[in-house]
1. Measuring from the lowest to the highest alpha carbon on each principal axis, how far does region C:228-331 reach, largest first, in angstroms?
2. Where does the Debye-calculated log10 I(q)/I(0) of region C:10-71 sit at q = 0.15, 0.22, 0.27, 0.29 Å⁻¹, using only Cα point scatterers of equal weight, no solvent?
3. Considering the zone a paramagnetic label at C:Ser330 would reach in this model (a point 7 Å from Cα along the Cα-to-Cβ line), which residues of region C:292-311 have amide N under 11 Å from it?
4. Hey, any idea what the orientation-averaged projected area of the convex hull of region C:1-149's Cα atoms comes to, in nm²?
5. Compute the long axis of helix C:135-147 from its Cα atoms, compare it with the longest principal axis of the Cα atoms of chain C, and write down the angle in degrees, 0 to 90, nearest 10.
6. Two-decimal Rg/Rh of chain A from alpha-carbon positions, Kirkwood Rh?
7. Could you please report the charge total around B:Gln62, scoring K, R as +1 and D, E as -1 over all other residues with beta-carbon less than 13 angstrom from its beta-carbon?
8. What average count of beta carbons from other chains do you get within 10 Å of the Cβ of residues in B:445-455?
Amino acid sequence: MNRWLTIVLTILLGVFSAHADTPKTVVTVMTHSSFSMSKELVADFESRHGITLRFLKAGDAGAALNQAILSKDHPMADVFFGVDNSLMGRGLDAGIFIPYESPHLSDVSESLRLDPLHRLLPVDYGDVCLNYDRKWFLSRNLAPPRSIDDLTLPAYAGLCVVQHPASSSPGMAFLLATISRYGEQGFVDYWKKLRQNQVLIVDGWKEAYWGNFSASSKGNRPIVVSYATSPAAEVHFSKTPITEPPTGAVTSAGNAFRQIEFVGILAGTPRLEAAKRVVDFFLDLPFQEAIPLQMFMFPARASAKLPDVFAKHAALAEKPLIVSWEAIEANREGWLNRWADAALR
Amino acid sequence: MKPSEGWLHLLWIVPGAGLLFWFALPILTVWRISLQGADGAQWMRFLTSSLLWHTLGQGFVQASVSTLFTLTIALPISIIWLLYDVTGRKWLQVLLTLPFVLPTVVVAAGFRALWGSEGLLNRLLVEWIGFPTFEFPYGWAPVILAHVFYNVSVVFRVVTGYGGRIGADVLESACCLGHSPLGVVRRVLFPMLRPAIFSAALVVFLFCFGSFGVVLLLGGSTMTTLDVEIYRQTVYFFHMRSAAQLSVVQFCCTLLVVFLHRRLSPDASSIALFQSSAGSILGRPRTSRGRAFLTGTCVVYAIGFGLPLAAILVQAFRTSTGWGFDYFSALLANDSDALFFVEPVDAVIRSLQIACLAAAFCLTFGFPAAQFLADPPSSFRMTTFVHGVFLLPLGASPVILGLGFILTFAVHPIDFRSSWLLIPVSHALVAFPVFLQTVLPALRGIPDVLKQAAATLGSSPWHGWLRVQLPLIRNSLTAALILSFMISLGEFGATIFIARPHVPTLPIAIYRYLSQPGEMNYGRAMAMAAILLGLTTFGFTVLERIGKQR
Amino acid sequence: MSPFLEVIGIRKSFQGIPALKQVDFALNRGEILCILGPSGCGKTTLLRIIAGIESPDDGSVRIEGRDMSDVPAHMRHVGMVFQDFALFPHLNVRENVAFGLHGLSREASLDRVRQMLERMGIEALAERRTNELSGGQKQRVALARSLAPQPRLLLLDEPLGSLDRQLRERLVYDTADVLRKLGMTAVYVTHDHAEAFAVADRVAVLQSGKIAQIGSPETVYRRPATIEIARFFGYDNVIRGRILSRQLLDADFGRLQTDTAVIGKPGDEVTVLIRPDAAVIVKEGATDPEHVNRISGTLVRKRFLGSQTHIDVRTDSGQVLSFHVPACPSVSEVGATIHLVIHPEAVVTQVS
């Protein structure tokens, strides 16, 4: 027994000593699990402003936002990074964000600034669209899909993998794209046809892209719902230097949904000024210019310079489909239910 | 009244207060916040909603099917193991019991390692015919298979542990009365094992009904259980009210099953979840045909249960260039400058620390609870009720618990929300009932007369406890500690909701690697799964050794 | 001087069912009292109350004049030998015996254990584990263990109950010897009167929660206070009779003489008990002029039991009496008429 006691005591001591450090101003940033940034950039900001950044990853975007809403009386963080336009209604309705008009906003396109009160400030955006495996289609002499209509054709049966819109934000974006394109009634018929055409629905983007997409995994689905920037990522991360991406994106007019990510200051923060500095940091050019290769989204700032690989291979969709966040907030549930009836049940 | 039993109440007040603070308080907070404005009409709507009945119905069918398959597969091998001595008997036991303590993630990883798009079978198919032929069939099949894989060990352990008390003479006398071996099994062994089988079946049903990780990882989007639905309602739809109402229903279901368990098998309280099992009743089979048949059966079981585990090992050691430790050495390399990269070694160390703490918490709260239930003061009338309450964490949704932690421990003196200590606490809650059910039968098994003998020999109750009871349950206690340790090591459901990115546990790290692209990440996931497998196997071997000393 | 142990007005019930209704007795220093009674009469409960393991609903236990109500078992200095010995399975024999030795130096403790083991003749078993012992060995270890701390009072609860007969007969004397040599004050509980008589200075018969009779073994056996006690001691034959004089009774089949004085007036109806082991078969010719203590009848059943034969005899008046007679000389066949003479000592009367 003595030995056990010693072990337990050692551990307990370890626990408490690990928590003995005294911080300066700590700003906690709540974010989703795909958030990524280089250490160097963060360390530079911290040393310049005397602020320590603590990141709290609270699951995927939806889960993180829900936790922020549930704990709004005693906020766990000061800043929230990564609400997108399909979820922003939930956050704004819950009243968890307070307005801040960052000086950097003037450099952000009007089309991205969805909240006129500046409670949520756009940081980056990207278009959700179909990606396809070039080699696969080439080797089978089949034309890659040109629009999302094509997915219902018999030739494309069993080729496509999409994400569950309830559990994945690109999945939701794709559903919104179909709603915008085919209308309130038409989208149900479209999904019924997709289902007949053996579409595969998986829980998340990672599973779809890295688990089933034939170009980037050993899976056997050559079409996947992803971002228009994904081909650039393929080039960037390729182990052998390549000039042409192995995948293509369907970016023709009316086939993509524009996803915009926002940052906001959480109501009730006792460190408002520091929180504002952090938001400015996210909108400042160094951070904005790092976004493409860290998160593979386009920076919100118009004057941010894009890295070469991005400029060359990342695309923006022509005339992306639009659904207002107010409409999304009002209809999300009904749409999801009707989608589930058509695609799953 | 026995003299000086007032202090005995402390025994349940301490764990009771622990449960109240760490378990009831968070859950009640979630309910209080989420169920605001849920009046009678709203409850009626919920109680008649298709959400509830679809979830309950599917959960019920799934759990029934899983239990049925588990029994069908577990009983023959349990009976063979009880009756006959077969070569490799010990190994078979280890292999059949290992899954119970395996983390969900490892099982899911094992199944995917076998059938997934990058799995062993597809790899072989790629080598033979050039391309993979099947994608992982998310849905009923893998979920039920995984449940069977998990729970066969429960049935096996409970039935063989209980059946070990049956003497050969009973069976021999049945043989003398003119029954064939099969008849003996059907008419004598089976009825004698019935309480254990029933008890095991209920436990399996409860596990499958409340399954979270397996269904989430392998079930795809159409499968659901109460736990998974609570997760979805919370995380995907932000329907806190539905989630809270579902969790109320879940508690009722757990209470019902615990009650049924006590009601329908009265001597179930003496059935330990893990007890040592004796040697075979009949020894080696006598005919060579019998031997061949039994050996064959055992080999089939060994392959069935060994394959997913072997797949992990193969995937962990077989790199694209051949066999080697590449993936393991990759665990030591820090090749990322990303902000959230945590070295896998840290995850291993942190996991071990958390598991130690969780086991320590279990000891501090579970042991007094078990002691109290084993020997309540004579004036105490609510032992059964208290026992039921102590088993409640079995039926808690990790999601609701996780949310509860976030909502409850938010005000200054108890603002633990971002503390990693919440992880061992949640693990201890998950392991608490198992700990209790392992220690309790041992404590109850100590004859009162030994304690009285100690008293007449001049030992005070405390002194007698130290010199008689403690040494007598030492092995069970160690076993329970190791079991809690291993449960913590593999816990997934609660951790995924509570863990912060800078303190991932092993299963979370595996989960993260599994959902990242590239051969290297997949290999690392498999290497970590292999480490976890090694750790649990080690813990388990210690457990077995203890079992033998008893 | 007050008695060493006083048990005063003990009552105890379990779930409303009374186990002890009103038990009083006292015991002097150095005395061995046997509590005798059929199983379920509450004797174990009584012992546990004296030990302090159980507490009475009412009444008190006094040891050396001091009320024990508030003294927990471990402070009473009362040793106990349990029915199934209750040896500690995790300790070996030596450790078991040493268990109760508190506050002794290591050497003193070892010494005491050695002494006790020697006294019991089990020195060789010192390092054995308890599950390697036979029943008799376990009994000795249990006795040694309870005696080692030198308790002021020893309680023995059916200490030989789980052993086979032969072993029991041998051990009962050994146990009695040890207790007497040590001058132990003891309460010994058993259901076997032979065992009780062999050990006890006094015997208390406990029946349905009450002490029905207490006294020396001889008195209790010779003059059982109730029919139940008589039956318990094996007085199988219960008949009706009338008092003729102080030592003479009239039964249906003839006259009976008794050694113990009859209580009552001549002409009173009494219950007469005849012990089955006090009859001898006689030939018809050897007649007693007054036909006293003579029974004649038909042999209706006969069971051969080795040294004895159990016979049932139907008297002329139709009563069936049972006797144990020596197997030698051999008994006549069933159906034959036989004659018996009963020793006056085996005839006891009871006021009805």
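1. 43, 35, 24 Å, listed from the longest principal axis down.
2. Calculated log10 I(q)/I(0) at the listed q: -0.46, -0.98, -1.36, -1.47.
3. Correct set: none at all.
4. 10.5 nm²
5. 60 degrees
6. 1.02
7. With Lys, Arg at +1 and Asp, Glu at -1, the neighbours total -2.
8. Mean number of neighbouring Cβ atoms from other chains: 6.
The values are calculated or read from the model by the stated rules, or taken from the named source; none is laboratory data. Nothing here was measured: the structure is a model prediction, and the numbers come from that model. So basically every Cβ, Gly included, is an ideal-geometry build from the backbone, and we count neighbours across all protein chains shown. Just so you know, the surface numbers come from the protein's heavy atoms only, side chains and all, with ligands and any DNA or RNA stripped out. Shrake-Rupley method; radii C 1.70, N 1.55, O 1.52, S 1.80 Å.
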